[in-house]
Amino acid sequence: MNSLVSRGFKALDYSVLSASSLLVPATQRPEWLREWRSELWHVRRECLPCCGFSWEAQRGVTAFCAGAIPDALSLRRHFHVSGGSPAVHGSAPQCVLWLATLLALCAVLARLLPGVQTELESARYHIRPGLILIQNAAITDSSIPTITPAQFADWRATRQRSFDAFAYYRTLRDTAFLPAARPTKWTIAHATLNLFPLLDLPVKLASPMPSDLPAIVLSHHAWARDFHSDPRVAGRILRLAHVTGRIAGVVPEGPWRLPDDPDAWLLEPSSQMAAATTSAPGYLLAHLTPFGQAEMIGQSVPITVQGPSDSDSDLAGVSFCPQSEDPWSTFEFALFLALLALPAVTSVTLSESSFSTFRPGFKRRLARWLFLAAKLGIIAAIGCYASLDLTYSRIDIASPWAPFVQLVAGFVICLFGFRWAVADQRQRCPVCLRRVTHPARVGIASCTFLGWNGTEMVCLGGHTLLHVPSLPTSWFGAPRWLYLDHSWDFLFANKTAA
Ligand SMILES: [Zn+2]
């Protein structure tokens, strides 16, 4: 019985040591496990009785094994404080891994921020070029409706040389009876059926519709606000004031907004709109023919129409919704500016000078350039996502400030990121791309011309020394590499082949 208990405790002791060794950094684990097992052998021999079983002695042995846990934790802490293995410390893969992690964080954040997603989605949609909003020439505010249904009927009935398509809508502030919610006041636009085809704007979530009821198209913000972005909203029946219609889809969000920013569009045939008895004015959108575009003066085109009593009235066609800034092209411009400005903030020459005639081979030089290209590429991608995150986390996509903020953020991140990448490259060993470290002061300040003084750094792989003069002179201006031969190997216990 006692023998069985002893064997059980022996297995427990070895298990504790094995579990503790898992806390030790992998490179040192086998050595420490061997050390602890040999110590345990001695402790068991000294403490345990030759025959029989002693709880007191066994407790001492188990306490000894448990002592391996704080030892392992201490080893682990020391390993991280000292920067880990010399082979990993400051290595090129470690640098790329850190940058890739930062890039992944920025990309995930961009994926989670609704403002960024809305901006990226809206960049896929563009309003058709050549559209103008026709309004009274005396009115400069495009949000004020000026065109009556009678004028629309008149324009629609006559042949036009300057325009090839018209769409018309007028807005009312009326009650929307939402399902499972209290009636609410919406800005409802009564629009012609061709409004969205004229804008060349696809309607999202559209589904085949029976033609029994008028079609209702929701604005993106009304869909998000009152329908909680429900993707199955199409096909539902909705009552707007005294008209019952069926939801046909949702307009994609974008920096463009139609005048008066309606919550929903109730689509009606053009003949019905033109025959409306109301005299409430609305908005008339037209698409210019090439002839009409040639008549544009700046962003507007003057229009004179003959009224019913042979009196001329002046209208103006104002270019409608200039194309929004694409966030990708904004970033490309920021990247271009950062590359242009880089020589102003740092020296971009990477030519190296050396004390010896030794030069790294073609493969190592190629690896060095590929590493620099990888760093610059990842930093550019970080700049792209980070500038989107910074801009569209707080700023509305319709704000005119948004592209400007994105441009500045992208420019600053790329400029200083590239500056760091070039500076980092200068301190990378040309042989193994590891960052040189352990700076040491060499020489005395007066030895500027007959000797040199400055800082000496070493590659932990034992390949090179980097000499950086503290006071650049005509004969020693740029940092110089000193390639170490095999006579230096005894200094580097962890020297690895590059
Ligand atoms: Zn090296």
Checklist entry - What FRET efficiency do you get for ARG232 and ARG394 if R0 is 45 Å and r is their Cβ-Cβ distance, rounded to the nearest 0.05? => result 0.90
Checklist entry - Quick one: accessible area per residue over the chain, 1.4 Å probe, rounded to a whole number of Å²? => result 54
Next on the checklist: Take TRP420 and SER279, extend 7 Å from each Cα along the Cα→Cβ direction, and tell me the distance between the two endpoints in nm.
Outcome noted: 6.8
Item to check | Residues of type aspartates and glutamates that LYS10 reaches as a straight line, Cα spacing below 18 Å, ignoring anything fewer than 8 places off in the same chain | outcome: GLU35, GLU39, GLU46, GLU56
Next on the checklist: List the aspartates and glutamates whose Cα sits under 12 Å from the Cα of LYS185, skipping any in the same chain fewer than 8 residues away.
Outcome noted: ASP174, ASP226, ASP263
Next on the checklist: Run lengths n ≥ 4 of DSSP H only: what is the helix-derived mean residue ellipticity at 222 nm for the chain, with -39500 (n - 2.57) per run over all residues, to the nearest 500?
Outcome noted: -13000 deg cm²/dmol
Checklist entry - Can you give me the relative contact order of the chain as a percent, contacts being Cα pairs under 8 Å and 6 or more apart? => result 16
Checklist outcome for this item: For the chain, the percent of accessible surface on carbon and sulfur atoms (probe 1.4 angstrom, ligands and nucleic acids excluded) is 62
Checklist entry - About its Cα centre, what dipole magnitude does the chain give when the only charges are +1 on Lys and Arg Cβ and -1 on Asp and Glu Cβ, stated in debye to the nearest 20? => result 2360
Next on the checklist: Could you tell me which residue out of PHE492, ILE397, ALA11 lies farthest along the dipole of the chain toward its positive end? Charges go on the beta carbon: Lys and Arg +1, Asp and Glu -1, centred on the Cα centre.
Outcome noted: ALA11
Checklist entry - How do 463-472, 335-344 rank on mean C-beta neighbours within 10 Å, highest first? => result 463-472, 335-344
Next on the checklist: Compute the helix-to-body angle for 68-81: its Cα long axis versus the longest principal axis of the chain, expressed 0 to 90° and rounded to tens.
Outcome noted: 60
Next on the checklist: I'd like to compare 430-439, 50-59: which one has the highest average count of other Cβ atoms within 10 Å, and what's the full order after that?
Outcome noted: 430-439, 50-59
Checklist entry - What residues from the range 109-140 fall in the zone where the backbone N is under 16 Å from a label point 7 Å along the Cα-to-C-beta line of SER300? => result 132-140
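The values are calculated or read from the model by the stated rules, or taken from the named source; none is laboratory data. Values in this document were obtained by computation on a predicted structure and should not be read as measured data. Counting neighbours? That spans all protein chains shown, and the Cβs are built from the backbone with ideal geometry, glycine included. With ligands, DNA and RNA removed, areas are computed over all heavy atoms of the protein, side chains included. Shrake-Rupley method; radii C 1.70, N 1.55, O 1.52, S 1.80 Å.
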